[in-house]
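Asker: One structure follows; several queries about it will come next.
The values are calculated or read from the model by the stated rules, or taken from the named source; none is laboratory data. None of these values were measured; they are calculated from a predicted model. Because the Cβ atoms are built from the backbone with ideal geometry, glycine has one as well, and the counts that use them run over all protein chains shown.
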Amino acid sequence: MNYYPIQKRWRKVGPIYRSEMAAAIWYPDMEAYGRQRASDYGYEWRSKPYTPELFPEDWDSCDWRWSHGRRGPQPAFWRWCTHGACHWLVGLSLFVAMRAEPDRPWRIVTSDKHSTVWDGDQTLWDGNFLALGVPVTDAWDLAGQQPESEQLPPGQPLHTF
C-alpha cells in the first residue's frame, strides 16, 4: 500500500482542494467537528463564519505541525489537515480523489478508530495521516482491519452528523 502523493501532485490537486465545491463539503463537516469537540470537552462552541481565508487547519487544537522538525515552509496540503478529524475530513478526501483520479473506484473505509479513502487496490488518499507521518499500513489497519470496519460503495460519502 502507499499514500497518494498529494504534495508531489499539488499543481493538479491544489485547485480542487481550493475550490468552492470542496469548501461546501469540508466547511459544514468541520463545523460539526467543532461542535462535537466542544460538547466532548465542555466548552461553548462559537461558529466560524466561512471566509475564503478559512481552512480546516483553523479547527486544529494540536501543535503537530511545529513538532515535525521541518525547515522551510510547510506543505500546502497541510492547510486541509486537522489532527483527530479524519472522520470529518474523509468526505473532502473522497471529493478530491474522485476529481483528481476519476478512473479509480475511490471509496471510504471507516472504523471507530480511523476513516480513509481507498482506490480498491494499493492507494490510500489520506492527507491527515500522510502529513502526520503515520505509516500507510497503520492507516489501513486502523480503518479497514477493525471488527467494526465498513467499506462504503465507491463514491458514497460518510455522514458525520
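Asker: From the residues in segment 69-116 that are over 16 Å from W140 (Cα atoms) and charged (D, E, K, R), which one is modelled with the lowest pLDDT?
Answerer: Filtering segment 69-116 for residues that are over 16 Å from W140 (Cα atoms) and charged (D, E, K, R), the one modelled with the lowest pLDDT comes out as R70.
Asker: Also: Name the residues in segment 14-62 that are over 18 Å from the mean Cα position of the chain (by Cα), outside any loop (DSSP other than H, G, I, E, B) and not small (G, A, S), would you?
Answerer: Those that are over 18 Å from the mean Cα position of the chain (by Cα), outside any loop (DSSP other than H, G, I, E, B) and not small (G, A, S): D40, Y41.
Asker: If you don't mind, another one. What tally of residues in segment 45-56 results from selecting those that are of a type in the set (S, T, Y) and touching a residue at least 24 places away in the same chain (Cβ under 8 Å)? Please lay out each step first, then the result.
Answerer: Here is the first cut: in segment 45-56, the residues of a type in the set (S, T, Y) are 47, 50-51.
Those still in the list that are touching a residue at least 24 places away in the same chain (Cβ under 8 Å) too: 50.
Residues flagged as of a type in the set (S, T, Y) and touching a residue at least 24 places away in the same chain (Cβ under 8 Å) within segment 45-56 amount to 1.
Asker: Within segment 47-63, how many residues are in contact with a Ser or Thr (Cβ under 7 Å, 6 or more places away or on another chain) and among the hydroxyl-bearing types (S, T, Y)?
Answerer: 0
Asker: Hey, another quick one. Report yes if Q7 is at pLDDT 90 or above, of a type in the set (S, T, N, Q), farther than 21 Å from L158 by Cα and in a loop (DSSP other than H, G, I, E, B), otherwise no.
Answerer: Values: at pLDDT 90 or above: yes; of a type in the set (S, T, N, Q): yes; farther than 21 Å from L158 by Cα: yes; in a loop (DSSP other than H, G, I, E, B): yes.
For Q7, the condition - at pLDDT 90 or above, of a type in the set (S, T, N, Q), farther than 21 Å from L158 by Cα and in a loop (DSSP other than H, G, I, E, B) - is met.
Asker: Tell me which residues, restricted to segment 129-143, are at pLDDT 95 or above and either outside any loop (DSSP other than H, G, I, E, B) or over 27 Å from W66 (Cβ atoms) (or both).
Answerer: Selection gives F129, L130, V136, T137, D138, A139, W140, D141, L142, A143.
Asker: Which pairs have Cβ atoms under 6 Å, sit 6 or more apart or on different chains, and link a residue in segment 111-128 that is among the hydrophobic types (A, V, I, L, M, F, W, C) and part of a loop (DSSP other than H, G, I, E, B) to one that is surrounded by fewer than 18 Cβ atoms within 10 Å (Cβ to Cβ) and modelled with pLDDT of 95 or more?
Answerer: Listed by first residue and then by second, the contacts come to nothing, as the list is empty.
Asker: Could you tell me whether R65 is at pLDDT below 90, part of a loop (DSSP other than H, G, I, E, B) and of a type in the set (D, E, K, R)? Don't jump to the end; show me each part of the working.
Answerer: On the way: at pLDDT below 90: yes; part of a loop (DSSP other than H, G, I, E, B): no; of a type in the set (D, E, K, R): yes.
No, not satisfied.
Asker: Look at segment 115-161 and say how many of its residues are under 21 Å from P28 (Cβ atoms), surrounded by 12 or more Cβ atoms within 10 Å (Cβ to Cβ) and of a type in the set (A, V, I, L, M, F, W, C).
Answerer: Selection size over segment 115-161: 4.
Asker: I've got another one for you. Within segment 111-135, can you find the residues that are touching a strand residue (DSSP E or B) at 6+ places or on another chain (Cβ under 8 Å) and either hydrophobic (A, V, I, L, M, F, W, C) or more than 21 Å from D60 (Cα to Cα) (or both)?
Answerer: S111, V117, W118, D119, G120, Q122, T123, L124, W125, F129, L130
Asker: Now for a different question. Test of understanding: among G14, G84, G72, G42, which residue is at positive phi and touching a residue at least 12 places away in the same chain (Cβ under 8 Å)?
Answerer: After applying the criteria, what remains is G84.
Asker: I need a count of the residues in segment 93-110 that are buried (at least 18 other Cβ atoms within 10 Å of the Cβ) and assigned to a helix (DSSP H, G or I).
Answerer: Residues flagged as buried (at least 18 other Cβ atoms within 10 Å of the Cβ) and assigned to a helix (DSSP H, G or I) within segment 93-110 amount to 7.
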